[in-house]
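The values are calculated or read from the model by the stated rules, or taken from the named source; none is laboratory data. Quantities reported herein were computed from a predicted structural model and do not represent experimental measurements. Note: ideal-geometry Cβ built from the backbone for every residue, glycine included; neighbour counts use all protein chains shown. We work out accessible area using only protein heavy atoms, side chains counted, and drop any ligands, DNA or RNA first. Shrake-Rupley method; radii C 1.70, N 1.55, O 1.52, S 1.80 Å.
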Amino acid sequence: MRGRPVVAAVVLLLLAAGCGGDDAEDTAATTATTGAAAGGTAAATTATTSATATTAGEEAGACGIAGGQDVDFDAGREGATLHGVLAGEGATAVVLGHESGQDACDWAFYVPDLVEAGNLVLAVDLNTVGDRRLDLDVAAAVAEVRARGAQRVVAVGASMGGTAAVAAAGAPGSGIDAVASLSAPGSFLRADA
């Protein structure tokens, strides 16, 4: 399958970035999706985001990401819209769902590598107020990147974002070709993985 190298690259990037913490409290096990342990916290990677998200000569966009654009898109339910940060282009899209208490910008550290690998990337702000259907938020993000021309979609999520990604991928006709879940609980709010 052509999507497997993308999934492997995404998982390796995320695991490698998490190896920096040495506090026992900062260490978390990934789900069976990856079958390996990863350490670190979102706070540890967030602190380095603005310094590492752009390369020399490129102007920082949304979340400090070179070429990053703030986008609002239809959430697929009446009167609801979602926000995300979009970067890159390519036939394969990577949709990123964040941890509880975080937002789309917490993926900023990883986006440049995914874009450099030739992917369209959409980090979505999951809606934790209102109807709180995180799986539907991921599904809406998938529809957005498909509308932008993506032929393959990989959904990646951490913690609650992982639960949302797995739940969305399990829906018939989800449009998700591969999923990577990092430290996701079996259920979160109204999403069941």
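Residues that are of a type outside the set (Asp, Glu) and more than 19 Å from ASP70 (Cα to Cα) number at least 3 in the following helices (runs of 4 or more DSSP H) confined to the range 92-174: 160-169.
In this structure, is ARG152 more than 20 Å from THR81 (Cα to Cα) and at pLDDT 95 or above? Answer is yes for this residue. Which residue is nearest to LEU182 (Cα to Cα), if the candidates are limited to the range 88-102 and must be over 10 Å from the mean Cα position of the chain (by Cα) and surrounded by fewer than 24 Cβ atoms within 10 Å (Cβ to Cβ)? Across the range 88-102, the extreme among qualifying residues is SER100.
Being within 17 Å of ARG148 (Cα to Cα), part of a loop (DSSP other than H, G, I, E, B), open to solvent by 40 Å² or more (accessible area, probe 1.4 Å) and small (Gly, Ala, Ser) is the requirement here; does GLY76 meet it? The answer is yes for GLY76. When VAL121 is tested against (1) in contact with a helix residue (DSSP H, G or I) (Cβ under 7 Å, 6 or more places away or on another chain); (2) open to solvent by less than 30 Å² (accessible area, probe 1.4 Å); (3) in contact (Cβ under 8 Å) with a residue 40 or more places away in the chain, just one condition goes unmet, and that condition is (3). Residues of the range 136-149 that are closer than 20 Å to LEU182 by Cα, at pLDDT 95 or above and either aromatic (Phe, Trp, Tyr) or open to solvent by 10 Å² or more (accessible area, probe 1.4 Å) (or both): ALA139 alone. As a summary of the residue check, VAL179 satisfies the conditions (1) out of contact with any Lys or Arg (no Cβ under 9 Å at 6 or more places or on another chain); (2) assigned to a helix (DSSP H, G or I); (3) buried (at least 23 other Cβ atoms within 10 Å of the Cβ) except for the one numbered (2).
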